[in-house]
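Below is one structure, written out as structure tokens; the observations come after it.
The values are calculated or read from the model by the stated rules, or taken from the named source; none is laboratory data. Everything quoted here is computed from the prediction, not taken from an experiment. Quick reminder, even Gly has a Cβ in these numbers, built from the backbone with ideal geometry, and neighbours come from all protein chains shown.
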């Protein structure tokens, strides 16, 4: 399964050993109930960020966005994971390489901020590179996709563009986004971003 995750968490750092459910602030022990709680809580916080986004100076904003979105659900919201994870058989960056990866993403963000706001093609390309790097990092135990989409949305907004990589009425866009991130296809992501990005009115 392309969406399946594997975790190395022998010490049950994040999960309850009896239920296998992620430990959470509400002490919910049923997986479906937790998904409902998480979805409702994150949706509420995402709407707040839509009105007042977190400004992105560097990669620390990625941690701040995750903390804001998941603050009502997980004690570790905004904190990098301490276990290694993989998806569809492809491992994400191991935790001991986080510092190097974060520094690299900071470089990409700096490059992005230096771009001319009228050069949509280069903006889309750099956003795709940042998205690919953040996705490969996958810094959190849960909530990476929602966090990185908000991160990219705000970066686009800071160049005067609106961008929604998960529109509610277009499953095809989300599937293309997922395909691009899972396969690490920067060209596919750049084309999708260039297609979707609109000048903010």
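The table below lists the values:
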{"item": "Count of the range 89-107 residues which are under 19 Å from residue 142 (Cα atoms) and not in a loop (DSSP other than H, G, I, E, B)", "result": "8"}
{"item": "The one condition in (1) closer than 22 Å to residue 102 by Cα; (2) touching a strand residue (DSSP E or B) at 6+ places or on another chain (Cβ under 8 Å) that residue 81 fails to fulfil", "result": "(2)"}
{"item": "Subset of the range 10-33 [assigned to a loop (DSSP other than H, G, I, E, B) and in contact with a helix residue (DSSP H, G or I) (Cβ under 7 Å, 6 or more places away or on another chain)]", "result": "21, 24, 26, 28"}
{"item": "Unmet criterion (only one of (1) farther than 16 Å from residue 133 by Cα; (2) within 16 Å of the chain's Cα centre (by Cα); (3) in a strand (DSSP E or B)) for residue 78", "result": "(3)"}
{"item": "One residue from 120, 115, 108 being over 22 Å from residue 23 (Cα atoms), at pLDDT 95 or above, touching a strand residue (DSSP E or B) at 6+ places or on another chain (Cβ under 9 Å) and surrounded by 14 or more Cβ atoms within 10 Å (Cβ to Cβ)", "result": "120"}
{"item": "Residue in the range 56-70 that is in contact with a strand residue (DSSP E or B) (Cβ under 6 Å, 6 or more places away or on another chain), on the phi < 0 side of the Ramachandran plot and not in a loop (DSSP other than H, G, I, E, B) present", "result": "no"}
{"item": "Answer from 153, 146, 141 - the residue that is in contact with a strand residue (DSSP E or B) (Cβ under 9 Å, 6 or more places away or on another chain), within 23 Å of residue 80 (Cα to Cα) and in a helix (DSSP H, G or I)", "result": "153"}
{"item": "Number of positions in the range 170-184 that are outside any helix (DSSP H, G or I) and either without any contact (Cβ under 8 Å) to a residue 24 or more places away in the chain or over 16 Å from residue 135 (Cβ atoms) (or both)", "result": "2"}
{"item": "Residue within the range 51-58 that is closer than 30 Å to residue 36 by Cβ and without any contact (Cβ under 8 Å) to a residue 12 or more places away in the chain present", "result": "yes"}
